[in-house]
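Visitor: This is the structure I want to talk about, given as structure tokens.
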Ligand SMILES: [Zn+2]
């Protein structure tokens, strides 16, 4: 592990001990390999054991996970019991690494397209039941962010919102957009679904500026889609005025150290030095590190936080700031935010003392 400039090395146990929120995590990107192997056997889906194992290999130049997602939408997630199991196991695994609150992105468009006998209501009910059970059994609180499939049409996004608004639930709190961000699918096409969510009082976020895509997408998401947060948002660094505006407005950026694009475009030698996350956190921008697709990225909440220190040289004070940024960006009420902030700070400071680190 590299030495932090300000505090010296931080031991692995510290990253396990600090409390966490995960507000950028895709439900389908949390599936355990053993569970996916079970599901493939159950469904007789056209994939070998070796093919499934291949999804979990994260080579030097990793393949993205979207192929696995499309496969699972088509063959795997069309039943309530499998949605329940993946949700419960996701929350069990996050909770095991001291994640106390999670907002999970869930794309329903592709799943329901391939499961004509599964209603939106039943599918959402299975996920919510697993969230209730996980809260009881593991103590982790979780919420759903319905997420737009930007490779489907804007009209499909409106249909998704119509379905979601017809089955409201207190655990359903926000709208996001993901899948491949490119010129064919700019964010502005999805204004209507965002407007529906905004009028329903939902919170809003969007994947933007993820794959080297133009900073304009970030600006569009802020000004047209009216998002509260930005997911990834790395190309904000390309426009100093936009960056300053995001700093001034306190926009929280949910960043992902294992982002596939930068593993592919940067060499292993330069990755840690040139990754935008290294610069973003030093500009005053409010960033918070997250798992994204933890099992497919071969990462976990503890690893994500360790990477912020070991790869990007952030010290204890920075990590504490990032923790507070996550609580600031989380879609919780003010009383909950106050209580969680106090509890998180106490736990963080206790971990600092227990590991005999620089006192906070
Ligand atoms: Zn993501």
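Readers should treat all values here as calculations from the given coordinates under stated rules, not as data from a laboratory. All values derive from a computational prediction rather than experimental measurement. In this analysis, Cβ positions are derived from the backbone assuming ideal geometry, glycine residues included, and neighbour counts consider all displayed protein chains.
Visitor: Along the three principal axes, how long is segment 268-360 when you take its alpha carbons, biggest first, rounded to the nearest angstrom?
Guide: 43, 32, 29
Visitor: Also: Taking a ≥ b ≥ c as the square roots of the eigenvalues of the Cα gyration tensor of segment 12-354, is the shape rounded (a/c under 1.5), prolate (a/b larger than b/c) or oblate?
Guide: The shape class here is rounded.
Visitor: Restricting to Cα pairs below 8 Å that are 6+ residues apart, what does the relative contact order work out to for segment 12-354? Please round to a whole percent.
Guide: Value for segment 12-354: 21 percent.
Visitor: Of the peptides 275-282, 325-332, 111-118, how do they stack up when ordered by the mean number of other Cβ atoms within 10 Å, highest first?
Guide: Ranking the peptides 275-282, 325-332, 111-118 by packing returns 325-332, 275-282, 111-118.
Visitor: Let me ask you something else. Quick one: helix 80-96 against the long Cα principal axis of the chain, what's the angle to the nearest 10°, folded into 0 to 90?
Guide: With rounding to tens, the tilt is 10 degrees.
Visitor: Mind pulling up the Rg/Rh value for segment 168-303? Radius of gyration and Kirkwood radius, both on Cα.
Guide: Working: Rg = 15.0 Å, Rh = 15.6 Å.
For segment 168-303, the value is 0.97.
Visitor: Moving on. Output the peptides 242-253, 308-319 sorted from most to least packed, where packing is the average of other Cβ atoms within 10 Å over each peptide's residues. Walk me through the numbers before you get to the answer.
Guide: Working: 242-253: 17.0, 308-319: 20.6.
So the order, starting with the most tightly packed, is 308-319, 242-253.
Visitor: If each residue of separation counts as 0.36 nm, what is the full-extension length gain between residue 57 and residue 155 once their alpha-carbon separation is subtracted? Each step should come with its number before you reach the end.
Guide: Working: separation 98, 0.36 × 98 = 35.28 nm, distance 3.50 nm.
Value of the extension gain: 31.8 nm.
Visitor: Further question: If packing is taken as the mean number of other Cβ atoms within 10 Å per residue, what is the order of 24-31, 88-95, 260-267, highest first? Display every interim value, and only then the final one.
Guide: Values: 24-31: 25.0, 88-95: 22.2, 260-267: 16.1.
Per-residue mean Cβ counts within 10 Å order the peptides as 24-31, 88-95, 260-267.
Visitor: So how far apart, in nm, are the two label points at residue 214 and residue 264 if each is 7 Å from Cα heading toward Cβ?
Guide: Result: 2.0 nm between the two label points.
Visitor: May I ask you to derive the FRET efficiency for residue 282 and residue 129 from their Cβ-Cβ distance with R0 = 35 Å, giving the value to the nearest 0.05? Walk me through the numbers on the way to the answer.
Guide: Working: r = 43 Å, r/R0 = 1.22.
For R0 = 35 Å, the calculated efficiency reads 0.25.
Visitor: What angle do you read, to the nearest 10 degrees and between 0 and 90, between the alpha-carbon axis of helix 240-249 and the longest principal axis of the chain?
Guide: Around 90 degrees separate the two axes.
Visitor: Nearest 10 degrees, 0 to 90: what angle lies between the long axis of helix 154-166 and the longest principal axis of the chain (Cα atoms)?
Guide: Long axis of 154-166 versus the principal axis of the chain: about 90 degrees.
Visitor: Calculate for the chain the 222 nm mean residue ellipticity that helices alone would give, adding -39,500 (n - 2.57) per DSSP H run of length 4 or more and normalising by residue count, nearest 500 deg cm²/dmol.
Guide: Helix-only estimate at 222 nm: -14500 deg cm²/dmol.
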